[in-house]
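The values are calculated or read from the model by the stated rules, or taken from the named source; none is laboratory data. Since this is a predicted model, take the numbers as computed values, not measurements. When we count neighbours, we look across all protein chains shown, and the Cβ atoms used for this are built from the backbone with ideal geometry, even at glycine. Surface accessibility is based on the protein's heavy atoms, side chains included, excluding ligands, DNA and RNA. Shrake-Rupley method; radii C 1.70, N 1.55, O 1.52, S 1.80 Å.
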Amino acid sequence: MQAPTAPSTYNEKMLANYVPVYVMLPLGVISNDNVFEDQPKMEKQLKELRAAGVDGVMVDVWWGIVESKGPKQYDWSAYRSLFALVQECGLKLQAIMSFHRCGGNVGDEVTIPLPQWVLDIGETDPDIFYTNRKGNRNKEYLTIGVDNQPLFHGRTAVQLYSDNMKSFRQHMSDFIEAGLIIDIEVGLGPAGELRYPSYTGTQGWVFPGIGEFQCYDKYLEAEFKEAATGAGHPEWGLPDNAGEYNDTPGSTEFFGLNGTYMTEKGKFFLTWYSNKLLNHGDEILDEANRAFLGCKLKLAAKVAGIHWWYKSPSHAAELTSGYYNLKDRDGYRPIARMLSRHYAIFNFTCLEMRDSEQRADAKCGPQELVQQVLSGGWREEVEVAGENALSRYDSNGYNQMLLNARPNGISREGLPKQIMYGVTYLRLSDELLKDKNFKIFKTFVKKMHTDQDYCADLGMYNHQIGPLERSKPKLVMEDLLEATKPMEPFPWGEETDMKVDDFDGVLANLIRKLFSLFK
């Protein structure tokens, strides 16, 4: 056992600026047949992370693996072996309740389908899956339309997720009580994110396509018909002019100049589509809160960083994903407000991206998007965490993440005005652990910790976790939608004051410059 570091090694005021760093484990660390393979390699890698000052790891707990044998036949044994190893290596754990399929998204190296018995139900009722206008089914995640339909051997989709989480708590209670598991990220859609599967490689989508609306299964179609009729417009149907996966906004009637999205009919549809997503997240987080009530951990939910077409008037790619975000309407603050009722962390992606690295024709705005979303989270007083969308090993990517973690820099007098609750690096790999890459990564961890040593005591940097309280009363939709009013984001610094310097890169540039002088 390592001797605990004496508190005197810390500058306590600087420690208030400490942002813990977690590392996402490989997607297939537990194999499809529920085996923890290659434990010696994982142990070696976890020890390297611990020695590098990393605070913990994040892991997908796949529904398709754990409940694969049949309804309510859970097998947590392989995950218990993994958790015991993480504990032994002195790391904390973020567990993702992954109710989606792995495979088909960017970076998916393995395929882990939904449980076979669920897919079998889909053979006779394919409308349990998200469906686009052409009728193509997406078997990545069950449609929101079946959240409350008892189609799964008498259970609804929400009950499937709820039972899974209750079983997890029961079988992992010793790890929870020991303080190993510090947060439960509840999977709310494809890739574990609260969104519709509007852009999917398996259906032919390629960046920067606008994607497609995913509400044409019979359950959502019936719900929309009922909503439109209730609003006095029984003639309104789902969009039929919003284009296909790889279109640009301007090539469609829905997202083009003075497009349908600006009409009464378009606004009604987009409000309905995005509200369905809000309700879905709210309902499942409510179940998660019941499942983990009293546990010393936090709940979390992930929102996708849809940064392409952010700078176009219609924000088409965000709209098809279910984020009704426009210049005059904030699509993210209502999500933060919904999360606040469950004391949940708002986890956002694409922290590493800079506008200058993106394709100009796709009107990307990752920096402005991150600024808007994080500001909205802080305004709603939720804890904001984040991760990079793509693996990066360079100082530019790390420095952008450091800037977003403390957008106005460190405070030498204690807690800074804005600070992220935690950052998760995607992802543990042989590539990350290569000498040069790992050297820069270790500096990144140190800078996130504001040059302080690794701190095992969460209370020392204001992260003490008490027992999870019951969710606050459900918010009426009017209260949630009040948060759509746009507000100026908080100011952001130009660059981080805790910079990672890639000395090898700087040296190489210097040598090139010197050579060019003598040419």
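Quick rundown of the values:
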item	result
Condition check for Ser98: hydroxyl-bearing (Ser, Thr, Tyr) and under 18 Å from Lys166 (Cβ atoms)	yes
Some residue of region 178-191 being within 24 Å of Asp361 (Cβ to Cβ) and in contact with a Cys (Cβ under 9 Å, 6 or more places away or on another chain)	no
Of all residues making up region 168-196, the number that are out of contact with any helix residue (DSSP H, G or I) (no Cβ under 8 Å at 6 or more places or on another chain) and either closer than 16 Å to Arg290 by Cβ or acidic (Asp, Glu) (or both)	6
Residue within region 89-107 that is modelled with pLDDT of 95 or more, assigned to a loop (DSSP other than H, G, I, E, B), open to solvent by 50 Å² or more (accessible area, probe 1.4 Å) and closer than 25 Å to Phe152 by Cβ present	no
Lone unmet requirement of (1) crowded, with 21+ Cβ neighbours inside 10 Å; (2) of a type in the set (S, T, N, Q); (3) part of a loop (DSSP other than H, G, I, E, B) for Gln45	(3)
Count of residues meeting criterion [of a type in the set (S, T, N, Q) and in contact with a His (Cβ under 9 Å, 6 or more places away or on another chain)] in region 350-384	2
Filter pass, Val23 being of a type in the set (Val, Ile, Thr), surrounded by 14 or more Cβ atoms within 10 Å (Cβ to Cβ) and either modelled with pLDDT of 95 or more or touching a Leu at 6+ places or on another chain (Cβ under 7 Å) (or both)	yes
Unmet requirement for Pro416, which otherwise passes all of (1) in a loop (DSSP other than H, G, I, E, B); (2) modelled with pLDDT of 95 or more; (3) surrounded by 12 or more Cβ atoms within 10 Å (Cβ to Cβ)	(2)
Boolean, Glu380 is over 21 Å from Gly56 (Cα atoms), open to solvent by 80 Å² or more (accessible area, probe 1.4 Å) and modelled with pLDDT of 95 or more	no
Selected residue (criterion: farthest from Ser340 (Cα to Cα)) from residues of region 383-405 that are among the small types (Gly, Ala, Ser) and open to solvent by less than 10 Å² (accessible area, probe 1.4 Å)	Gly397
Hits in region 419-432 (condition: open to solvent by 10 Å² or more (accessible area, probe 1.4 Å) and not basic (Lys, Arg))	Ile419, Tyr421, Leu426, Ser429, Asp430, Glu431
Residue satisfying condition, being at pLDDT 95 or above, assigned to a loop (DSSP other than H, G, I, E, B), in contact with a Gly (Cβ under 9 Å, 6 or more places away or on another chain) and surrounded by fewer than 11 Cβ atoms within 10 Å (Cβ to Cβ), within set Pro467, Pro473	Pro467
Count of residues meeting criterion [surrounded by fewer than 14 Cβ atoms within 10 Å (Cβ to Cβ) and either aromatic (Phe, Trp, Tyr) or farther than 24 Å from Ala288 by Cα (or both)] in region 479-496	8
Some residue of region 199-214 being touching a residue at least 40 places away in the same chain (Cβ under 8 Å), within 22 Å of Leu339 (Cβ to Cβ) and either surrounded by fewer than 21 Cβ atoms within 10 Å (Cβ to Cβ) or in contact with a Pro (Cβ under 9 Å, 6 or more places away or on another chain) (or both)	no
Residue within region 288-299 that is within 26 Å of Cys215 (Cβ to Cβ) and either within 20 Å of the chain's Cα centre (by Cα) or at pLDDT below 95 (or both) present	yes
Lone qualifier among Val370, Val382 - being under 21 Å from Leu481 (Cα atoms), in a loop (DSSP other than H, G, I, E, B) and aliphatic (A, V, I, L, M)	Val382
Region 444-464, residues that are polar (S, T, N, Q) and surrounded by fewer than 18 Cβ atoms within 10 Å (Cβ to Cβ)	Asn462, Gln464
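Table: residues versus (1) in contact with a helix residue (DSSP H, G or I) (Cβ under 9 Å, 6 or more places away or on another chain); (2) surrounded by 14 or more Cβ atoms within 10 Å (Cβ to Cβ).
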position	(1), (2)
Gly28	no, yes
Val35	yes, no
Ser68	yes, yes
Gln87	yes, yes
